[in-house]
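Enquirer: Attaching a single structure in structure tokens format; questions to follow.
The values are calculated or read from the model by the stated rules, or taken from the named source; none is laboratory data. All figures in this text were calculated on a predicted structure; none of them were measured in a lab. Note that we place each Cβ from the backbone using ideal geometry, even for glycine, and neighbour counts take in every protein chain shown. Please note that ligands, DNA and RNA were not included when accessible areas were found on the heavy atoms of the full protein model with its side chains. Shrake-Rupley method; radii C 1.70, N 1.55, O 1.52, S 1.80 Å.
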Amino acid sequence: MAPATPSHATSAHAREQLLRRASRLVREHQLPAYDAVHLAALVESGTSDEVQLGCWDTDLRRAASDLGYS
């Protein structure tokens, strides 16, 4: 049996993955880093059929729409 992965290691990996995605979204959609983190969290949360974005920020809504989210 493989040893259990400590939860902090899993959490660190999830954060790293989220930040990598956010970094890519900054470049692809010309978003500020804080908006890209929100968009990355949306994408990590599920498909456009499963989750929706609610915000007033026009650029963030546009980027989410470009990715298929409403």
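Enquirer: Count charges around Ser65 for me, please; just the other residues with Cβ under 13 Å from its Cβ, Lys/Arg as +1, Asp/Glu as -1. List each step's numbers first, then the result.
Expert: Values: positive: Arg61, Arg62; negative: Asp57, Asp59, Asp66.
Once all neighbours under 13 Å are counted, the net charge is -1.
Enquirer: Related question: Would you compute, from DSSP H runs of 4+ residues alone, the mean residue ellipticity of the chain at 222 nm, taking -39500 (n - 2.57) per run and dividing by the full residue count, rounded to the nearest 500?
Expert: -21000 deg cm²/dmol
Enquirer: Would you compute, for the Cα atoms of the chain, the largest minus smallest coordinate along each principal axis and list the three values in descending order, in whole Å?
Expert: 48, 25, 17
Enquirer: Further question: Measuring with a 1.4 Å probe in the full set of protein chains, what accessible area per residue, in whole Å², belongs to the chain?
Expert: For the chain, the per-residue accessible area is 73 Å².
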